[in-house]
Amino acid sequence: MSVMEEYLSTDWASMTTQDWAGLIVTVLVFFGMLITFSLALRPSKRKEMEAQKYKILDDD
């Protein structure tokens, strides 16, 4: 085993409940962000997003 493989190895059996909960939350948030960005930044939504570009600066 190389030094890098040894450094990145994980002892799955010794993970506690908090470790598993943190891992699951992190993975779910990652995929949630990935799905959200892919849906929001699709090329087909470009016109809609461009229309909203300066909405925060409007004095409505």
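The values are calculated or read from the model by the stated rules, or taken from the named source; none is laboratory data. Treat the numbers as computed from the prediction; the structure is a model and nothing was measured. Side chains are part of the model used for accessible areas, which takes the heavy atoms of the whole protein and leaves out ligands, DNA and RNA. Shrake-Rupley method; radii C 1.70, N 1.55, O 1.52, S 1.80 Å.
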Considering residues that are of a type in the set (Ser, Thr, Tyr), modelled with pLDDT of 95 or more and open to solvent by 100 Å² or more (accessible area, probe 1.4 Å), the number found within segment 4-60 is 1
Filtered residues of segment 3-31 (kept if β-branched (Val, Ile, Thr) and part of a helix (DSSP H, G or I)):
3, 17, 24, 25, 26, 27, 29
